[in-house]
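> Structure below; questions to follow.
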C-alpha cells in the first residue's frame, strides 16, 4: 500500500496537532517526565529503517513524522519535506517498529517463594505484586500495550492502569484482566474459588462493572462454570481466555472461549489416558501424554483445526517454558541486575536444578505447533508470562518471546508482526495501534540495529514512543535496578 506523500501534509501538522502534543507532554507528572527523552510538538525521525508490523519487508531510509500523539506521515526520506521548527532525529543504523502489543503479562512476580526443607513449595503460596518495577520494565522493553492475563490484585491493577493513563506513573497502556476464574484445589490462596455457574456469572458481572476488559479461566474450573462465564462475558462484549487443565482445549473451543494461553503442547490435557471430565490430571500425566504426541499426527491436527475453525486464538508464552529446559535461557546481565539480590539467588538456584532433557523435547514440539498453527490460518498472540522460577521479567521477557518465535521458524518480520499487529487485531485496536501508518497512534520503538535481519537486535531498544512521547529505555531500566521481587 502506498504511503501518503509527505510534502502534502506537512503544512497541516501545525494547524491540526501542535497544541494537543504540547498539552499532552506538559500534563505528565515529574515522576514520568524524568524518563522523557524525546518531546516536541513535531518530531521527525529520518533516515530510519521502518519495520511496519504488517509483515511487509523492512523499508530503508524512511522519514516518519509525529505530531499530536499520532503518526502524521511515513515515506521515503529523499522526498520528505521537514516541517519548520520540528525536532529532527537523524537515525541511520536505527530501526523503527510498532510498540509491542503483548497479551500474557502480569503485575506480580513468582520468584522467591517459601520452600520446605525438602525443596517443595511451602503453603500457602503467595505471589508478590510488583506494581512499581514491572510497568517501568514493560515500557523500557518496548511494550506500549499489554493485557494482564489474570490478576491477583485486580484493584491494584486497575488503579495502576489509571495512574498510568493520567500520566502520574510510567508504564504501558494496560488492559486489565479480572481475577482468575478458578475452582477449588488451586495452588494459589490469593484466588477466589468458584462455587458454581451462578458464582462465575456474578464474578464476571461485578468485575466488568469495575472496569476489567477480559477474563481468564484457570486450571480447576468446570465446564459448566466456564460456559457460564463465557456467556456472561460475551453479553458485555468481553473476551475470555484460559490456562486450562480440568477442561480440555477442544472442550473450551466448543464452549466458545476466545483465546487459549501457553500453547496446547504445554498444557492441553485431552491426550491424557482416562482423563476424567472436569478433573485436572497431574502435571506428570499431562507431560507424559504430550511427549507421546506427534504435532503432524491426527490427534494434534484435529485439536489444532478445532481451534482454528472456531476462531480461537493461541497465546505463545515461550519464555516461561524455556525456563524448564536445562541450560536455558541465556543469562542476560540486565535481567539479573534488575532483580532483588535474593530473588537473583533464588532464580539461579532453581535454574541449576531444572528437569530432565524431556522438557527440551516438549519445548521443541510447542515451537513446531505454533509455527504450523499460524501457517494453517490460526491467530497467534505473544506474551512472556513473567512467572515460573523468576527468570522471566517484564519487558526483557517480551523481547525474548520474539527471539523464540524466530527459533520456532518464523522470520524476524513475521515474529514482529505476531507481537504487534496480531495483539492489536485480537483486541479490536488494529485501526489505532499495532502497525506503523499515517493516522495511527505514535506507539513506536526505536532500535539501534536491524532486527529484520538479526532478531537479537530486538534487545537494543533506545527510545520507546507512547502517544508520541519518547521514553528513555535505559533510564527506565536503571530506575528499578535491584528491586524486582521487592516492589
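> Any idea what % of Cα-Cα pairs in segment 125-176 are farther than 18 Å?
22
> Sticking with this one: Would segment 352-394 count as rounded, prolate or oblate if I go by the C-alpha gyration tensor, calling it rounded below 1.5 in a/c and otherwise prolate when a/b exceeds b/c, oblate otherwise?
Oblate, since a/c reaches 1.5 and b/c is not below a/b.
> Could you rank the peptides 467-476, 128-137, 180-189 by their average count of other C-beta atoms within 10 Å per residue, with the highest value first?
So the peptides 467-476, 128-137, 180-189, ranked by packing, come out 128-137, 467-476, 180-189.
> Next question, about the same structure. Hey, can you rank 227-238, 373-384, 315-326 by average C-beta count inside 10 Å, highest first?
315-326, 373-384, 227-238
> Here is a further query. Have a look at the DSSP beta bridges in segment 100-426 and tell me what percent are antiparallel, nearest 5.
10
> Please compute the contact order of the chain in relative form: average sequence separation of alpha-carbon pairs under 8 Å and at least six residues apart, divided by the residue count, as a percent.
That works out to 22 percent.
> For an R0 of 30 angstrom, estimate the FRET efficiency from the Cβ-Cβ distance between residue 345 and residue 34 and round to the nearest 0.05.
It comes out at approximately 0.45.
> Quote to one decimal, in nm, the extra length available between residue 454 and residue 337 on full extension: 0.36 nm per residue of separation minus the C-alpha distance between them.
39.7 nm
> Could you quote the convex hull projected area for segment 100-426, Cα atoms only and averaged over all directions, in nm²?
For the Cα atoms of segment 100-426, the hull's average projected area reads 15.4 nm².
> In nm, to one decimal, how far is the modelled label at residue 432 from the one at residue 284, with both set 7 Å along Cα→Cβ?
4.9
> Next question. At a 10 angstrom cut-off on C-beta neighbours, averaged per residue, how do the peptides 426-432, 30-36 rank from highest to lowest?
Sorting 426-432, 30-36 by mean packing, highest first, produces 426-432, 30-36.
> Using 0.36 nm times the number of residues separating residue 155 and residue 87, minus their current alpha carbon distance, what extension gain do you get?
Fully extending the segment from residue 155 to residue 87 adds 20.5 nm.
> Give the angle, between 0 and 90 degrees and rounded to the nearest 10, that separates the Cα long axis of helix 341-351 from the longest principal axis of the Cα atoms of the chain.
That helix lies at roughly 60 degrees to the long axis.
> Separation of segment 308-345 and segment 214-268 by C-alpha centroid, Å?
Taking the Cα centre of each part, segment 308-345 and segment 214-268 sit 23 Å apart.
> Sticking with this structure for a sec: Provide the FRET efficiency to the nearest 0.05 for the residue 236-residue 198 pair, computing r from the beta carbons and using R0 = 22 Å.
Values: r = 17 Å, r/R0 = 0.76.
FRET efficiency, residue 236 to residue 198: 0.85.
> So what is the 222 nm mean residue ellipticity for the chain from helices alone, if each DSSP H run of at least 4 adds -39500 (n - 2.57) and you divide by all residues, rounding to the nearest 500 deg cm²/dmol? Write down the numbers at each step before the final one.
On the way: 18 runs with 172 residues, N = 487.
Calculated from helices alone, the mean residue ellipticity at 222 nm is -10000 deg cm²/dmol.
> Rounding to the nearest 10 and keeping the result within 0 to 90°, find how far the Cα-based axis of helix 358-375 lies from the longest principal axis of the chain.
Orientation of helix 358-375: about 60 degrees from the principal axis.
> In addition: Rounded, prolate or oblate: which one fits segment 367-487, using the alpha carbon gyration tensor with axes a ≥ b ≥ c (rounded when a/c is under 1.5, else prolate when a/b beats b/c, else oblate)?
oblate
> If you take the square roots of the eigenvalues of the alpha-carbon gyration tensor of segment 244-300 and sort them as a ≥ b ≥ c, do you get rounded (a/c under 1.5), prolate (a/b over b/c) or oblate?
Here segment 244-300 falls in the oblate category.
> Tilt of helix 298-309 relative to the longest C-alpha principal axis of the chain, in degrees (0 to 90, nearest 10)?
On a 0 to 90 degree scale, this one is about 50.
No lab work stands behind these numbers, since they all come straight from the coordinates. Small disclaimer: the values here were computed from a predicted structure and weren't measured. Counting neighbours? That spans all protein chains shown, and the Cβs are built from the backbone with ideal geometry, glycine included.
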